[in-house]
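Novice: The following block contains the structure, expressed as structure tokens.
The values are calculated or read from the model by the stated rules, or taken from the named source; none is laboratory data. Nothing here was measured: the structure is a model prediction, and the numbers come from that model. Note: ideal-geometry Cβ built from the backbone for every residue, glycine included; neighbour counts use all protein chains shown.
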Amino acid sequence: MKAGIDLISFYTTKYYLDLKTLAEARGVDADKFHIGLGQHRMSVPPPDEDIVTMGASAALPLMERIDPESVELVLFATESGVDQSKAAGLFVHELLQLPSRCRVLEVKEACYSGTAALRFAASEMERRPGRNALVICSDVARYDLGSPGEPTQGCGAVAMVVNSTPRILELEDACGLHAEDVMDFWRPNYRDEALVDGKYSAKVYLTTVARTWEHYAEESGRSLADFSRICYHLPFTNMARKAQVQLCRSAGANARDYGNAMIDESLGYNSQTGNCYTASLYEGFACMLDTAEEDLSESRIGFFSYGSGCMGEFFSGIVKPGYRQHLLTDRHAALFSDRTELSYQSYEDIFNLKVPADGWDYVFAEYRTGPFRFGGVSGHKRIYEKMG
Ligand code: CAA
């Protein structure tokens, strides 16, 4: 395959809760979150941000770098959909003023669906030279207040332009797949917060690393020595450390030779945002590209994508020479330096302020947002606004 990621952009909201504050409120040692989970802050979406505003905000800088008229496919991957019928991508399509000759749909399988979207987009663009696909992964991770999952909450979005002449990453054909019907994490239609069997979910994640690697190795004939870096789905950053140990075991490699150096550069953003479900893997990839001191041109990156339920995929790509000129590193750094810290009480107030489910019209107060905001609901319709 020659197609792949041409451009990549990350967005998260302007509010965060320090996990020290959460630890105090819950009466637990902050080291459990900092050292045990590897997390420091969680991004919090104000009531007027959602997966649509985050996805559009991630995509906006990319549309300034390509001809938006060339976009003929928009795939919106999410676990936190806002409508049972309408694709969230159609709201983004309007906010970004994309052409009407475009295929737009939403893709779902927990945190995995961004990877399915990326690979489907790449296959499609392979035979559409000169055209672009926009893949958006956008999610809000919510668990019950006081539950073990609470410190792993977060939110964020990644947008990627995918085409047949990528400037960042060329995808390779081989992939390792694993699908299995398990109840490790799920969210019934009547709940805003996910239900999770936490310890079991971590166990299934690791088994899926092993199964997908076995399949990938069989397909590609490659060993761990063929990789420069590995990016993992990041429910919290220490999960990647456990996964890397599992991968070494499965690949018959020594964890001392293929340890943290292969993953460390991908963890920084996630430790500051928390889980972004579909976006987490690609948030990690963007972080690695932005922060690696070594020039990664021509190196092979492995990706492990995991969606509870469960679906896993191990795949790989080769970083394109000159990729650094096309990164949004400064923009990403500005996002992190321009956030407002919440008190515990503000976090809980925001958490409890949901879109009313009674169908009444509703207008949200203005909070700090990016270029787009979710203004409210009128006649059962969500209203989105462009700022400024
Ligand atoms: N100092 C340092 N470390 C400490 C500590 C302290 N004072 N107290 C505890 N720890 C360590 C523990 O030893 C443990 O480390 P290990 O896992 O290496 O043993 C770690 O902190 C966490 O402690 P617990 O296991 O006791 O934590 P918990 O049971 O309260 O919650 C969790 C952990 C189950 C992962 C929970 O956060 C959770 O349910 N998260 C949501 C589900 C999830 O993220 N699953 C991941 C795989 S599924 C997936 O990837 C899909 C997805 O996106 C959700």
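Novice: Residues to consider are Arg241, Arg211; find the one that is within 9 Å of the ligand (Cβ to nearest atom), of a type in the set (D, E, K, R) and in contact (Cβ under 8 Å) with a residue 60 or more places away in the chain.
Specialist: The conditions single out Arg241.
Novice: Could I ask something else about it? Quick check: anything in region 317-339 over 16 Å from the mean Cα position of the chain (by Cα), under 15 Å from Val44 (Cβ atoms) and part of a loop (DSSP other than H, G, I, E, B)?
Specialist: Yes, the conditions are met somewhere in region 317-339.
Novice: Give me the residue from region 74-131 that is polar (S, T, N, Q) and crowded, with 18+ Cβ neighbours inside 10 Å and, out of that set, nearest to Asp173 (Cα to Cα).
Specialist: Thr115
Novice: Could you say whether any residue in region 48-56 is in contact with a helix residue (DSSP H, G or I) (Cβ under 9 Å, 6 or more places away or on another chain), farther than 18 Å from His332 by Cα and small (Gly, Ala, Ser)?
Specialist: Checked against the condition, which is being in contact with a helix residue (DSSP H, G or I) (Cβ under 9 Å, 6 or more places away or on another chain), farther than 18 Å from His332 by Cα and small (Gly, Ala, Ser), region 48-56 yields no hits at all.
Novice: Tell me, which helices (runs of 4 or more DSSP H) lie completely within region 221-295 with 1 or more residues that are among the charged types (D, E, K, R) and under 22 Å from Leu37 (Cα atoms)?
Specialist: The qualifying helices (runs of 4 or more DSSP H) are 237-251, 280-291.
Novice: Can you work out which of the residues in region 2-40 that are acidic (Asp, Glu) and not in a strand (DSSP E or B) is farthest from the ligand (Cβ to nearest atom)?
Specialist: Across region 2-40, the extreme among qualifying residues is Glu24.
Novice: Right, next: Being among the acidic types (Asp, Glu), within 30 Å of Tyr15 (Cβ to Cβ) and part of a loop (DSSP other than H, G, I, E, B), is that true of even one residue in region 179-187?
Specialist: Yes: region 179-187 contains one or more residues that are among the acidic types (Asp, Glu), within 30 Å of Tyr15 (Cβ to Cβ) and part of a loop (DSSP other than H, G, I, E, B).
Novice: Tell me whether region 310-321 contains one or more residues that are at pLDDT below 95, hydrophobic (A, V, I, L, M, F, W, C) and over 23 Å from Cys111 (Cβ atoms).
Specialist: no
Novice: Within region 220-232, is even one residue within 12 Å of the ligand (Cβ to nearest atom) and closer than 30 Å to Gln325 by Cβ?
Specialist: yes
Novice: Just to confirm my filter: which strands (runs of 3 or more DSSP E) fall fully inside region 62-166 and include at least 2 residues that are under 17 Å from the mean Cα position of the chain (by Cα) and in contact (Cβ under 8 Å) with a residue 40 or more places away in the chain?
Specialist: The qualifying strands (runs of 3 or more DSSP E) are 71-77, 132-141, 154-163.
Novice: Yes or no: Val363 touching a strand residue (DSSP E or B) at 6+ places or on another chain (Cβ under 8 Å) and at pLDDT below 95?
Specialist: It is true that Val363 is touching a strand residue (DSSP E or B) at 6+ places or on another chain (Cβ under 8 Å) and at pLDDT below 95.
Novice: Would you mention how many residues in region 246-300 are within 16 Å of the ligand (Cβ to nearest atom), crowded, with 17+ Cβ neighbours inside 10 Å and not aromatic (Phe, Trp, Tyr)?
Specialist: 17
Novice: Let me ask you something else. In the list Val196, Val204, Val158, which residue meets the criterion of being modelled with pLDDT of 95 or more, crowded, with 17+ Cβ neighbours inside 10 Å and under 17 Å from Lys108 (Cα atoms)?
Specialist: Val158
Novice: For region 132-156, what are the residues that are among the aliphatic types (A, V, I, L, M) and within 15 Å of the ligand (Cβ to nearest atom)?
Specialist: Val140, Ala141, Leu145
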